Amino acid sequence: MIYQRSSQLFAEAEKVIPGGVNSPVRAFKAVGGTPIFVKSAKGAYLYDEDGNRLIDYINSWGPMILGHAYEPVVEAVIEKAKLGTSFGMPTELETQIAAFAVSMVPNIDKIRFVNSGTEACMSAVRLARGFTKRDKIIKFAGCYHGHSDSFLIQAGSGAVTFGTPNSPGVTAGTAKDTLLAKYNDLENVKTLIEANKNEIAAIIVEPVAGNMGCIPPVKGFLEGLRELCTANGILLIFDEVMTGFRLARGGVQELFNINADIVCFGKVIGGGLPVGAFAARAEIMNYLAPLGPVYQAGTLSGNPLAMAAGLAMLQALDSDREIFKRLEEKTAYLGAGIERVLKANNVVFTINRIGSMISVHFDANPVTDFQSAGAGDNETFKKFFHGLVAEGVYIAPSAYETWFITDALTYEDLDFTIQAIDKVSKAF
Ligand SMILES: *Cc1c(COP(=O)(O)O)cnc(C)c1O
């Protein structure tokens with residue numbers, strides 16, 4: 001495939017946009033080369049600026065669960081746009097999508113819409129701190145909760161030591177209120193809680209991790225977090241920005257039958273427009289301004305185009321009772337196919353999979369946390385990535401990412417992908 005025009009466009013972009021991209025994950029830092037510029041997308045396919053077609057396994061990093069340019073969403077946005085694109089005043093549509101989301105997700109009474117997953121997580125933590133009147137939070141190494149200061153704390157520090165900033169610009173003062181724990185390690189969490197008695201406001205977790213590859217929780221991990229939180233007056237925040245409306249109608253709370261205290265959403269809930277949301281029981285949500293003392297706001301929050309897209313998406317998911325089963329079956333089929341060809345080609349690998357999330361790691365050991373996720377062979381991944389692009393299959397340009405299966409993918413697309421992986425891995 002030829003990437004002449006993409007390369008030219010990237011060179012132009014670099015002059016006026018830092019690194020040529022508006023989000024670092026789009027750059028090809030981990031794999032080399034220059035990013036592919038997209039012209040359009042429909043269903044399971046991306047069409048790039050050089051006229052290539054790629055089967056898409058990123059799907060805008062999650063939102064396009066029903067495929068690109070999904071008709072009901074596109075129609076809803078077009079219709080709303082004609083009526084005005086923003087008012088800064090309440091609209092009926094906001095209540096409609098709020099009521100709909102509350103009806104789909106267990107254990108929430110009220111929801112507030114924001115403009116990104118970052119904002120949702122940032123606001124959820126502020127709310128938890130206001131509600132509990134405590135300052136510290138526990139987060140897990142390798143879990144991503146957006147780029148707000150308190151979450152940009154690096155992995156690797158000892159169990160009871162304070163986190164150190166991993167991005168310049170995050171102050172030591174902020175970092176010291178974020179305690180780092182190891183994913184899937186309850187003992188580690190217990191130690192942190194004991195060392196910080198009555199100081200921890202919240203534990204925030206990706207209940208199925210998706211930002212270090214796909215890492216499902218081990219048996220008892222989420223149950224254990226729930227118990228520890230309840231016993232210690234800590235709020236449990238499920239960051240379901242990736243998993244919400246993806247792994248089940250009601251997300252991981254429904255899937256594993258565990259209640260969180262605050263739940264964050266993004267990605268699917270906006271149907272591909274910039275949307276995030278956070279939700280909880282009324283008792284907690286009523287702490288927010290204008291009812292309560294915790295301030296949170298947004299000029300474009302609840303934007304009519306975004307709400308129309310989100311509502312159309314949620315309605316489509318709600319009306320199709322087979323959707324999550326079908327997605328899981330497609331993902332299982334793809335996973336089995338990849339396993340078959342990688343084995344036949346003597347490649348060392350581990351595949352993690354749950355629902356419509358899957359990741360391939362070039363390492364023989366189980367991948368259960370940030371450390372094991374980092375053990376994969378990145379040189380093999382680079383060949384894998386570029387080989388697949390050459391075959392017309394697009395996965396995320398980093399070994400730390402999950403692939404997202406969309407309902408627009410046909411079994412022919414999946415077979416095509418498996419064959420491409422066979423071909424590429426033969427040449428490793
Ligand atoms: C993507 C993501 C975020 C951040 O959402 P943005 O919309 O990119 O700000 C937060 N948490 C999780 C789990 C995510 O996957």
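Scan the stretch 252-298 for residues that are in a helix (DSSP H, G or I) and open to solvent by less than 60 Å² (accessible area, probe 1.4 Å) and report the count.
Residues flagged as in a helix (DSSP H, G or I) and open to solvent by less than 60 Å² (accessible area, probe 1.4 Å) within the stretch 252-298 amount to 9.
Quick check: is even one residue across the stretch 312-325 under 19 Å from residue 408 (Cβ atoms), of a type outside the set (A, V, I, L, M) and open to solvent by less than 10 Å² (accessible area, probe 1.4 Å)?
no
Report the residue count in the stretch 128-148 for those that are assigned to a helix (DSSP H, G or I) and within 16 Å of the ligand (Cβ to nearest atom).
Qualifying residue count, the stretch 128-148: 1.
Scan the stretch 168-191 for residues that are touching a strand residue (DSSP E or B) at 6+ places or on another chain (Cβ under 9 Å), open to solvent by 40 Å² or more (accessible area, probe 1.4 Å) and part of a loop (DSSP other than H, G, I, E, B) and jot them down.
171, 176, 182, 185
What is the residue count in the stretch 79-109 for residues that are within 22 Å of the chain's Cα centre (by Cα) and in a loop (DSSP other than H, G, I, E, B)?
4
Of the numbered conditions (1) over 28 Å from residue 326 (Cβ atoms); (2) open to solvent by 40 Å² or more (accessible area, probe 1.4 Å); (3) not aliphatic (A, V, I, L, M), residue 32 satisfies every one except a single condition; which is it?
All conditions are met except number (2).
Please enumerate the residues belonging to the stretch 107-126 that are under 21 Å from residue 222 (Cβ atoms), buried (at least 22 other Cβ atoms within 10 Å of the Cβ) and more than 11 Å from the ligand (Cβ to nearest atom).
Listed by number, the residues that qualify are 108, 125.
Quick check on residue 222: is it farther than 29 Å from residue 312 by Cβ, without any contact (Cβ under 8 Å) to a residue 60 or more places away in the chain, touching an Asp or Glu at 6+ places or on another chain (Cβ under 8 Å) and within 16 Å of the ligand (Cβ to nearest atom)?
When the stated conditions are applied, residue 222 does not pass them.
If you check 105, 31, 38, which single one turns out to be out of contact with any strand residue (DSSP E or B) (no Cβ under 7 Å at 6 or more places or on another chain) and not basic (Lys, Arg)?
Among 105, 31, 38, only 31 is out of contact with any strand residue (DSSP E or B) (no Cβ under 7 Å at 6 or more places or on another chain) and not basic (Lys, Arg).
Give 54, 66 a once-over and let me know the one that is assigned to a loop (DSSP other than H, G, I, E, B) and surrounded by 18 or more Cβ atoms within 10 Å (Cβ to Cβ). Before the answer, list the steps.
Values: 54 fails: assigned to a loop (DSSP other than H, G, I, E, B).
The match here is 66.
The values are calculated or read from the model by the stated rules, or taken from the named source; none is laboratory data. Because the structure is predicted, anything quoted here is derived from the model rather than measured. Cβ sites come from the backbone with ideal geometry, for glycine too, and all protein chains shown count toward neighbours. Only protein heavy atoms, including side chains, enter the accessible area calculation; ligands, DNA and RNA are left aside. Shrake-Rupley method; radii C 1.70, N 1.55, O 1.52, S 1.80 Å.
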